[in-house]
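This report concerns only the one structure given below.
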Protein chains: 2
Amino acid sequence: MKFLIFEIKYKDARGRVGTLKTPHGKIKTPTLMPVIHPGKQTLPVGDYGAELVVTNAYLIYKNDHLREKALEGGVHNLIDFSGPLITDSGSFQLSLYGDVHVSNQEIVEFQEEIGADIGTSLDIPTPPFVKRERAEKELEITIQRAKESLEVRDKLMLNSVVQGSTYPDLRSRCADILGGMDFQVHPIGAVVPLLESYSYREVVEVVMASVKCLPDSRPRHLMGAGHPMVFALAVAMGCDLFDSAAYILFAEDDRLLMPNGTYKLNNLQEMPCYCEVCSSHTPNELQAMDKKERSRLLAQHNLAVSFGEMRTIRQAIIDGSLWELVEQRCRSHPYLLDALRMLKNYQKDLEKYDPPYKKSAFFYSGPESLNRPEVYRHLKRLQQVPKKRKVLLLPPSDKPYSQNIPEISGKFYGMKKGNFENIINKKLQEPSKINLQLHAIKDLQIVVVDVPFAIIPLELDQVYPLAQNESPATYDEDAKKRVREVLQNYIHDFEETVASENVLKSFDLELSDLNLEKEFQITEPVMLEVEDLNRIVCIADYQFGNGSGRALFNGNIKVVKSRKTGKIRHVYVDEGDVERLIVTLRASDGVFVLASEGARRLHHYLPYPKNRVVVNQEAEPFARKGKSIFAKFVINCDIDIRATEEVLIVNENDQLLAFGKSMLNGWEITDFKTGQAVKTRKGGF
Amino acid sequence: MKFLIFEIKYKDARGRVGTLKTPHGKIKTPTLMPVIHPGKQTLPVGDYGAELVVTNAYLIYKNDHLREKALEGGVHNLIDFSGPLITDSGSFQLSLYGDVHVSNQEIVEFQEEIGADIGTSLDIPTPPFVKRERAEKELEITIQRAKESLEVRDKLMLNSVVQGSTYPDLRSRCADILGGMDFQVHPIGAVVPLLESYSYREVVEVVMASVKCLPDSRPRHLMGAGHPMVFALAVAMGCDLFDSAAYILFAEDDRLLMPNGTYKLNNLQEMPCYCEVCSSHTPNELQAMDKKERSRLLAQHNLAVSFGEMRTIRQAIIDGSLWELVEQRCRSHPYLLDALRMLKNYQKDLEKYDPPYKKSAFFYSGPESLNRPEVYRHLKRLQQVPKKRKVLLLPPSDKPYSQNIPEISGKFYGMKKGNFENIINKKLQEPSKINLQLHAIKDLQIVVVDVPFAIIPLELDQVYPLAQNESPATYDEDAKKRVREVLQNYIHDFEETVASENVLKSFDLELSDLNLEKEFQITEPVMLEVEDLNRIVCIADYQFGNGSGRALFNGNIKVVKSRKTGKIRHVYVDEGDVERLIVTLRASDGVFVLASEGARRLHHYLPYPKNRVVVNQEAEPFARKGKSIFAKFVINCDIDIRATEEVLIVNENDQLLAFGKSMLNGWEITDFKTGQAVKTRKGGF
């Protein structure tokens, strides 16, 4: 590996905020790269926020004057831009005119000679929906030329474009092959016809098929995507770079780009935007200007909006609210909404990349929110929590539930053979049991049924995102259906089900859906409270896997609560002479942060390589000192680690060195050779 | 009526783009009125887009220095703003401190003396959720003081605030009483606590209860609403004015207002916006500034965003895309989405105000789109189309359907006693019927089943918005459920139902849902085409009411089509010596525009006052000359007229004078005394 140019700083969904290092400087991603025509650069795009630009090496090559100038003074001087610069190879011209007058080798060498930061081989941009035979044939040429470009280049960093038309398997195959070679950036090519025809469904298929096979450690460039409508969705699927001449082409056609669509200046009576240009001009004023001045101002608007959208996206990744932004943006056209709905098919993949713990609450914006990774992950992790014999289903309240449902009473439904009500009534008759607490009933799992997570065991009601989410009080049909399906599946494993009347009402459930047959009343309020030990064991199982709770909280356990909130803060083991801190429950998201004793116990319990990041000998002393772990020192890791999780740092012999929080997921830790992999909390082992 | 200050220029949903005339100038609505503190005005809000401002007369009154200055030089000089200016009365202070040291009479007189354009009486801002008794008692005082203010004022225009806490009936009652008196603007008061607690559901209830009882001819002011998150929804419910000190209060607290929420500067690493301030500063730069300078820039951001949002809303009304904007904006918080879902309860009212014919296509953005006025209206108007004996249900295709489903074949389901397949097969066996056309089957209604309009008779497949809409290809459960319900209801009136297999598949229908029992194949393609006469009769019935088609297209009818598109353009009656144009089918939205003969026929057929706008004697000659009709000349009209409809202009004796397009709905035409009511197409009768 000659070039180590990309690092991830923040993650959300499949999106990344990263930095890209080039010979002409370091830039932030995701970003838009304005396309500069080498012959007629007029706009100071740098002043409008461009950090990185694209220009066309082929147009320079075939024009004697430009070629000479570029060879003499370099391409940066030619287009008057001193920052990082990517050159394209003429593939676009190939797609337009069917032919170009340069060989792959010539154009790659030329890009190196004129000093591009990143060059591109002459790939074949196979259009969408062509016959498979053609797509396959052209793909072979693309791959062949990619290989050739590696032999030709010296210090030039190289793009290698993923092609394969609208065949997901060809896209994946291409991504896989190119990803195995020493390229620095991977454009995803020939999507412009899809974008222009609003075929966003196919864009999702093409992008997802590509990114899942591309190395995580290289930036991906959605080629020719320059409309801010698609930025958020594309970033959420893992795209880092966008290029387009749209800002100037649309401006010259009197059109304004907006994150929710395009406006034609001639149709406007008001400037529907708050950028500088739109805040200080009326449509009439702009229309009265001469075309050149108007185009300049509209291009300024288009760039301001595009870069503003990129900043909004980067901030959303930092905040952990990228899904919220994507779900808002995808309402701007029904076909974008359709594309968003397509992501349902990629839940498993998206869940791997989406960090489990975020700063932002989960906001439900419609049926599509049911298919977010958080919901998928919850239902998967729920299986790690051991099942009891009986289950009691309660309707939602304000969150966290256990603080807002202090007691229950009223109408319930039970199974024919169930004896829940007998137990309750018997207990209520005992004089000492005026304040009967439900957890006194042996082997009873209390569960709140709610949108969007369906099943929330009361023990987990403060864990992210089960407490940190908001939904409309009026449910849509998809939400109700999803809850019904999950619930019917969930109760299968219990011997006895009891449901509050309101659970059935809220989700349009029939008694028979839950095998319920009889009705009864709980006449006196029964207290609802979760026992501390139950709670911490359940959270640990949910967070670290089945059995982790018993392993962590073994011995004489002491739970310390916050005086202010009454919530659990620390869990110790009392070993007579000494109290050891096992874990701290993080107040912001209700999950455990390991302490040394917790790390030791977890390491003892979880089989290798579960939750491990294995570092090489060189890094071992640094890890022991509590220094953070850089990806290049990692020699193995649990591939199922997600970013933001508690992980164990070990050496090759599985000796525990330290523990910390993963910054990347298992696949990324394995793939990256740059940047931080684990933020170490503590070493000292 | 002393003051005629408000006119409507464009309408969409319940929103209006209007102009408001004041002694200090004319401004556009909807708009935001920044609140200026009379003692410490620092920002040049006019430079940032403010056309109209609010200041507090009570604060001036109780400060000797300010009072003297205002009495001497006028309030405009005092706060250094030369445009229109509204003064508040101290109610806000009353709500804060429980008491004010001024009487209603004194403060109204004072506002007149200092030269406010619009003043306010001292209403009692009853908070949300108080006991009904208190709300009623305080309401009486508010109404009493409103009455008193009318007696006190001379030339001062007056606000009169709708109160009534969270009791919709009290809000309606208050609106009704105040609306009957000579006020110029109606604030809707005491909603700030609801907005602050994100209780948007209650905001919808309060606003809808108020606006439905307020005169359409006066602007409504949602008091204290200053966050751009709620502007679009509030405008769609009929609010015209917004005021708030939020721009400066949030700025001083380092918070940025955005149409999709609020950002805290301290949490930002990127400026998530494209306004001038955010495009030219980083969060670090802003944080490093001194507080005053930072507040000024953040206030500039807040105002730029707020005014940009207002322009966006006004343009959306002009385009007929306000619902699309509202549905996007309401995704920014689940409680806003919940409020949007609440609008389902107000479909009937909203439909009256929403123009049936718009420039923009209907974009489906989620289950909430099913409750838009367009869908409600379609299902109502569908009842105007006479039913046939048999119905054939076809699955959706690209639009317009009749051009994209040239023929049908494949698997179908029919009723036990049905004989559709026998007729088809018999007809197919006749040698002359190789190109069997379905309309040759007597009494058969062909219908396409699709989201969101459920039932589209093939004759109507080019009528707005049945052709001009887009939905995701993947249906949500609400859409499927709605289609099932409408369909089951619709087929009730038919003797025989036949359904293509794909209709059942697409909408999860069981055979029994449609009383279908047998399966059959149509083995040879059967042509699908709509006969011209059927089409025009059906469109007319749908547009003007049952029977209108036969009445309009009676005699020797000649249909002229566009050579280019093949679509119907003109319909004539051939009277031997002369051909008279009855209607033109407008290409953009597929509905009829009347010609003189059409107007005459419709006038003859439809009973008074249906589709009529009745003008007084004074206006009669102008109407006959084809001049447009101003609202002040209208003495009666069909209350069921919607804006953008074809209407007949008659005199008191129901003599037809002219015809044209309504600019307002029946209620508005009746209520307004300013502005255009009908854009006359032609007089000459």
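The values are calculated or read from the model by the stated rules, or taken from the named source; none is laboratory data. In this text the structure is predicted, and so the values were computed from the model without any measurement. With ideal geometry, Cβ positions are generated from the backbone for all residues, glycine too; neighbour counts draw on all protein chains shown. Calculation scope for accessible area: heavy atoms of the full protein, side chains included, ligands and nucleic acids excluded. Shrake-Rupley method; radii C 1.70, N 1.55, O 1.52, S 1.80 Å.
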Restricting to the range A:626-635, name every residue that is assigned to a helix (DSSP H, G or I) and aromatic (Phe, Trp, Tyr). A:Phe633
With (1) open to solvent by 10 Å² or more (accessible area, probe 1.4 Å); (2) not in a loop (DSSP other than H, G, I, E, B); (3) not small (Gly, Ala, Ser) as the list, and B:Phe3 as the residue in question, which single condition is left unmet? (2)
Here, strands (runs of 3 or more DSSP E) confined to the range B:232-290 with at least 3 residues that are away from chain A (no Cβ under 14 Å) and crowded, with 20+ Cβ neighbours inside 10 Å are B:241-244
Residues that are of a type in the set (A, V, I, L, M): which strands (runs of 3 or more DSSP E) entirely in the range B:115-194 hold 2 or more of them? B:157-159
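This table checks each residue for (1) of a type in the set (D, E, K, R); (2) without any contact (Cβ under 8 Å) to a residue 60 or more places away in the chain; (3) more than 21 Å from A:Ile5 (Cα to Cα).
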{"residue": "A:Gln184", "(1), (2), (3)": "no, no, no"}
{"residue": "A:Pro193", "(1), (2), (3)": "no, no, yes"}
{"residue": "A:Met208", "(1), (2), (3)": "no, no, yes"}
{"residue": "A:Cys213", "(1), (2), (3)": "no, yes, no"}
{"residue": "A:Phe242", "(1), (2), (3)": "no, no, no"}
{"residue": "A:Ala245", "(1), (2), (3)": "no, no, yes"}
{"residue": "A:Met258", "(1), (2), (3)": "no, yes, yes"}
{"residue": "A:Asn266", "(1), (2), (3)": "no, yes, yes"}
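So that you can scan it fast, the table gives a plain yes or no per residue for (1) in contact with a His (Cβ under 9 Å, 6 or more places away or on another chain); (2) closer than 26 Å to B:Gly366 by Cβ; (3) hydrophobic (A, V, I, L, M, F, W, C):
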residue	(1), (2), (3)
A:His333	no, yes, no
A:Lys352	no, no, no
A:Tyr357	no, no, no
A:Ala361	no, yes, yes
A:Gly366	no, yes, no
Show me the strands (runs of 3 or more DSSP E) found entirely inside the range A:636-684 where at least 1 residues are polar (S, T, N, Q) and at pLDDT 95 or above. A:656-662, A:676-682
Answer yes if at least one residue in the range B:333-342 is touching a residue at least 60 places away in the same chain (Cβ under 8 Å), crowded, with 24+ Cβ neighbours inside 10 Å, more than 10 Å from chain A (Cβ to nearest Cβ) and in a helix (DSSP H, G or I), and no otherwise. no
In the range B:356-373, the residues that are closer than 21 Å to B:Asp478 by Cβ and among the basic types (Lys, Arg): B:Arg372
Condition first: outside any loop (DSSP other than H, G, I, E, B) and within 11 Å of another protein chain (Cβ to nearest Cβ). Now tell me which residues in the range B:450-471 satisfy that. B:Asn469, B:Glu470
In this structure, does B:Arg329 turn out to be closer than 24 Å to B:Met310 by Cα, out of contact with any Ser or Thr (no Cβ under 7 Å at 6 or more places or on another chain) and either among the polar types (S, T, N, Q) or open to solvent by less than 10 Å² (accessible area, probe 1.4 Å) (or both)? no
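Yes/no matrix, rows are residues, columns are (1) among the acidic types (Asp, Glu); (2) open to solvent by 20 Å² or more (accessible area, probe 1.4 Å); (3) within 33 Å of the chain's Cα centre (by Cα):
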| residue | (1), (2), (3) |
| --- | --- |
| A:Arg16 | no, no, yes |
| A:Lys21 | no, yes, yes |
| A:Thr31 | no, no, yes |
| A:Ile60 | no, no, no |
| A:Glu68 | yes, yes, no |
| A:Leu85 | no, no, yes |
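Matching residues to (1) out of contact with any strand residue (DSSP E or B) (no Cβ under 8 Å at 6 or more places or on another chain); (2) farther than 28 Å from B:Ala234 by Cβ:
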site	(1), (2)
B:Thr31	no, no
B:Val75	no, no
B:Val100	yes, no
B:Gln105	yes, yes
Just to be sure I understand, how many residues within the range B:575-602 are in a helix (DSSP H, G or I), closer than 13 Å to B:Lys682 by Cβ and open to solvent by 30 Å² or more (accessible area, probe 1.4 Å)? 1
Using the structure shown, decide if B:Thr565 is under 27 Å from B:Ser360 (Cα atoms) and surrounded by fewer than 15 Cβ atoms within 10 Å (Cβ to Cβ). yes
Of the conditions (1) modelled with pLDDT under 95; (2) more than 25 Å from B:Gly320 (Cα to Cα); (3) out of contact with any Ser or Thr (no Cβ under 7 Å at 6 or more places or on another chain), the single one that B:Tyr413 does not satisfy is (1)
Criterion (farther than 23 Å from A:Gly598 by Cβ, modelled with pLDDT of 95 or more and open to solvent by less than 30 Å² (accessible area, probe 1.4 Å)) met by exactly one of A:Ala623, A:Ala631: A:Ala631
If you check B:Glu285 against the conditions, is it closer than 20 Å to A:Cys273 by Cβ and among the acidic types (Asp, Glu)? no
Selection from the range A:13-50 of residues farther than 30 Å from A:Tyr346 by Cβ, within 14 Å of chain B (Cβ to nearest Cβ) and touching a Gly at 6+ places or on another chain (Cβ under 7 Å) yields A:Gly46
For residues that are among the small types (Gly, Ala, Ser) and not in a loop (DSSP other than H, G, I, E, B), scanning just the range A:25-63, find the one that is nearest to A:Arg218 (Cα to Cα). A:Gly25
Looking at A:Asn611, is it at pLDDT 95 or above, open to solvent by less than 30 Å² (accessible area, probe 1.4 Å) and within 23 Å of A:Leu657 (Cβ to Cβ)? yes
Among residues of the range A:300-324, those that are more than 8 Å from every other protein chain (Cβ to nearest Cβ), under 15 Å from B:Gln269 (Cβ atoms) and in a helix (DSSP H, G or I), counted: 4
Number of positions in the range A:344-390 that are in contact with a helix residue (DSSP H, G or I) (Cβ under 6 Å, 6 or more places away or on another chain), open to solvent by less than 10 Å² (accessible area, probe 1.4 Å) and outside any helix (DSSP H, G or I): 5
Is there a residue in the range B:90-105 that is over 21 Å from B:Val192 (Cβ atoms), open to solvent by less than 80 Å² (accessible area, probe 1.4 Å), touching a Lys or Arg at 6+ places or on another chain (Cβ under 6 Å) and free of Cβ contacts under 8 Å to residues at least 60 places away in the same chain? yes
Given (1) open to solvent by less than 30 Å² (accessible area, probe 1.4 Å); (2) within 14 Å of chain B (Cβ to nearest Cβ); (3) more than 21 Å from A:Tyr198 (Cβ to Cβ), where does A:Ser295 come up short, assuming only one miss? (2)
